[in-house]
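Down below is the structure, laid out as structure tokens.
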Amino acid sequence: MITFEGVTKRYADGTIAVNDLHLEVPTAEITVLVGPSGCGKTTSLRMINRMIDATEGKILLDGVDVRTIDPPTLRRGIGYVIQQAGLFPHRKIVDNVATVPYLLGWDKSKARARAMELLERVGLDTALAERYPFQLSGGQQQRVGVARALAADPPVLLMDEPFSAVDPIVRTSLQDELLRLQSDLHKTIVFVTHDIDEAVKLGDRVAVLRVGGTLAQVADPATLLSAPADDFVREFLGRDRGIRRLSFVPADLPLRTDLTVPDDADISKVAGVAAASGLTWLAVVDSGGRPSGWVNAADLPLSGTVADLRLMPYGTFVAGRDSLRSALDAALLAPSGGAIAVDDEGRVTGVATAGALAAATSGIAAEGVGTGRG
Amino acid sequence: MIRWDWIGRNLPEIRELLGDHIVMALLPILLGLLIALPLGLASVRWRRLYQPTVGIMNVVYSLPSLAVFIVLIPITGLAEQATVIVPLTFYALAVLIPSVVDGIASVPTHVRQSAVAMGFGPMRRLLQVDLPIAVPVVLAGVRVATVSSISLVSVGALVGRGGLGYLFIDGWQRQFPTPIVVGIVLILLLALAADGLLVVAQRLLTPWARARSSA
Ligand SMILES: Nc1ncnc2c1ncn2[C@@H]1O[C@H](COP(=O)(O)OP(=O)(O)OP(=O)(O)O)[C@@H](O)[C@H]1O
Ligand SMILES: [Mg+2]
């Protein structure tokens, strides 16, 4: 656990970058520091590994004041990843990753073996090991940066906007990779970003800072989105706060199992199912149990089978695992306004109707009343 | 126009002049590097030292070389290697000190900061991060200094020790062009060879530096 106890940083020119910060960073969790440019995120991060020393207050690392630890020793136990990766241009990738093990005096073959293991771990081809940083793409360099920070297996990882210089697709995959790594490694991570989407995606807890270096709110992402502490936080969360919130709500929707028809069914059967359910949109399921589209029973020919009908596009979500946001997204892909629920193997388990989705989202909105204006 | 037989007869002497020329041209570069490194590093560490150091070096650089050689004769002696080597060392410094300072400045801030963040102490960082990354810039300075040193040695002939430069005086005094041509060709070849070797050295020492501008 990292604890900020009334930490203030005043630079030589009088700028107060961080002001009386009290914050707990729990062990084995990702704590995200988020806020507008200049609000003191980098300063806060660097006070942990003493690249910057606090003017007032204390930072405790598992109860020990970091000021009592010799900086190089402290830093070798804390991984650090920055935006431009900061790789050493003159060292091969494998040696870049092995930097801290070398500093700790591991023997060369052990350090290199460890580096190779980490390259694999962060999803890099080990054939890249003998290259130099300039021969890698930005996304690959960033992965190397993460591998390097993990090389000596430090319990703490500091990450300063590590993914903000790469394009959105690469960024998403790096974020997923980090979450995957974290589920194995359980590091205590402090992650700095100015991107609220990244913050709520990665953070177990999110601390919002405001310019002037004060803490505006710290909470888990769902709480932050549903109950912003004040106008500043609400503003910072932005206009899509409602939609983002749905990511944290499980899709516990009532599923109808009477709204599916096999893809070889006779038209008369389709009409019968529709009449019995009282609804016109039915989901078509193939012989393997997988969805193949929607049909509209209001618009049937007089004879034939489902195979003769034009199937309409559909979207799916995994019931019990995906969020309400995924279910809504699936519904938006279909003219029926409903979403098809599937299991992990992609087999249809039921249908969430447009009505069920509308009821679920308005339920969420009702919970939020009084805590936000959205 | 060229008397090949003269070259044949004077081969041993030409060879000796060439050796002398190489020593007087390259020793200043080595000495210059040995002095420029600590001075350059000190200028990086104490910023305020940099401007005065470069200022003094530029003034020295602007002094006519012949005048400096003559001033030095009473101290280092007529026709001595040192009379040429000492001023050329100063000329080399004028190029090499800024190269060392620029070389260290070429280390990207994020690279230096991540070195600090990983727990490099100041000395280790200097030796393992800053200096290796400075090598391409420093070597570029070494190339300039080497080529100009090779050409400047010949001025020493006017104070009795100029390596291949002696051939110019000899040819001019006797109105006999062959030695002059030989001197020019050898100095050119020497400069080309030295520069070529430095380029090869740079390739071997810094295989990582080819796409450096993007770092
Ligand atoms: N060395 C310094 N001297 C003086 N002021 C500084 C120094 N470093 C940062 N500051 C100021 O302190 C404040 C906080 O800076 P910091 O770099 O911590 O912000 P940040 O939240 O990381 O911003 P960004 O999102 O732009 O990276 C800013 O106003 C900045 O100008
Ligand atoms: Mg910052």
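The values are calculated or read from the model by the stated rules, or taken from the named source; none is laboratory data. Quantities reported herein were computed from a predicted structural model and do not represent experimental measurements. Neighbour counts are summed over all protein chains in view; Cβ atoms, including those assigned to glycine, are modelled from backbone coordinates with ideal geometry. Accessible surface is based on the protein model in full, side chains and every heavy atom, while ligands, DNA and RNA are left aside. Shrake-Rupley method; radii C 1.70, N 1.55, O 1.52, S 1.80 Å.
Any idea how far apart residue A:58 and residue A:22 come out in nm if each label point goes 7 Å out from Cα toward Cβ?
According to this spin-label approximation, the distance is 1.5 nm.
Compute the semi-axes of the equivalent ellipsoid of the stretch B:1-100, taking the square root of 5 times each eigenvalue of the Cα gyration tensor, and list them largest first in whole Å.
For the stretch B:1-100, the ellipsoid semi-axes come out as 34, 15, 12 Å.
With +1 on the Cβ of every Lys and Arg and -1 on the Cβ of every Asp and Glu, and nothing else charged, how large is the dipole of chain B about its Cα centre, in debye rounded to the nearest 20?
That gives chain B a dipole magnitude of about 780 debye.
In the protein assembly as shown, what percent of the accessible surface is made up of carbon and sulfur (1.4 Å probe, ligands and nucleic acids excluded)?
59
Mind ranking A:51, A:1, A:159 by accessible surface for me, highest first, 1.4 Å probe?
From most accessible down to least: A:1, A:51, A:159.
Hydropathy first: keep DSSP H helices in chain B averaging at least 0.5 on Kyte-Doolittle, then drop any whose Cα extent along the axis falls short of 20 Å, and list what survives.
Membrane-span-like by this rule: B:11-45, B:81-105, B:131-152, B:177-205.
Cross-link list A:9/A:201; A:110/A:187; A:92/A:201: which exceed 26 angstrom alpha carbon to alpha carbon?
Beyond 26 Å between Cα atoms: A:9/A:201; A:92/A:201.
Efficiency by 1/(1 + (r/R0)^6): what FRET value for residue A:333 and residue A:12, r their Cβ-Cβ distance, R0 = 41 Å, to the nearest 0.05?
Taking R0 as 41 Å, the efficiency between residue A:333 and residue A:12 is 0.15.
Taking the alpha carbon gyration tensor of the stretch A:260-362, what are the square roots of 5 times its eigenvalues, largest first, to the nearest whole Å?
Working through the eigenvalues yields semi-axes of 23, 15, 10 Å.
Please figure out what share of the DSSP beta bridges in the stretch A:111-246 is antiparallel and state it in percent, rounded to the nearest 5.
50
Under Stokes-Einstein, with the Kirkwood radius over Cα pairs standing in for Rh, what whole-number D in µm²/s applies to chain B at 10 °C and 1.306 mPa s?
Estimated diffusion coefficient is 83 µm²/s.
Check each of the trypsin sites (Lys or Arg not before Pro) in the stretch B:84-189 and keep only those in coil by DSSP with at most 12 other C-beta atoms within 10 angstrom; list them in order.
Answer by residue number: B:174.
Find the sum over both chains of the accessible area lost when B and A are paired, probe 1.4 Å, and report it in Å² to the nearest 100.
Between B and A, the summed buried area is about 2000 Å².
Along the charge dipole of the protein assembly as shown, Cβ charges K/R +1 and D/E -1, which of A:163, B:135, B:6 sits furthest on the positive end?
Result: B:6.
Amide H to amide H under 5 Å from residue A:57: which residues, 5+ apart in sequence or cross-chain, H placed 1.01 Å off N in plane?
Close amide H contacts, sequence-distant or interchain: A:8.
Measure of size requested: the Rg and Dmax of chain A, with Cα atoms as the atom set and Å as the unit; please supply both.
Values for chain A (Cα only, Rg and Dmax): 26.0, 85 Å.
Sorted by packing (mean other beta-carbon atoms within 10 Å per residue), highest first, where do B:62-72, A:219-229 land?
Put in order of decreasing packing, that is A:219-229, B:62-72.
Which value, in Å², gives the accessible area per residue of chain A when a 1.4 Å probe is used on the protein heavy atoms?
About 43 Å² of surface per residue is accessible.
Stretched out fully, how many nm does the piece from residue A:185 to residue A:137 gain, at 0.36 nm a residue minus the Cα gap?
Length gained between residue A:185 and residue A:137: 14.7 nm.
Efficiency by 1/(1 + (r/R0)^6): what FRET value for residue A:172 and residue A:359, r their Cβ-Cβ distance, R0 = 41 Å, to the nearest 0.05?
0.85
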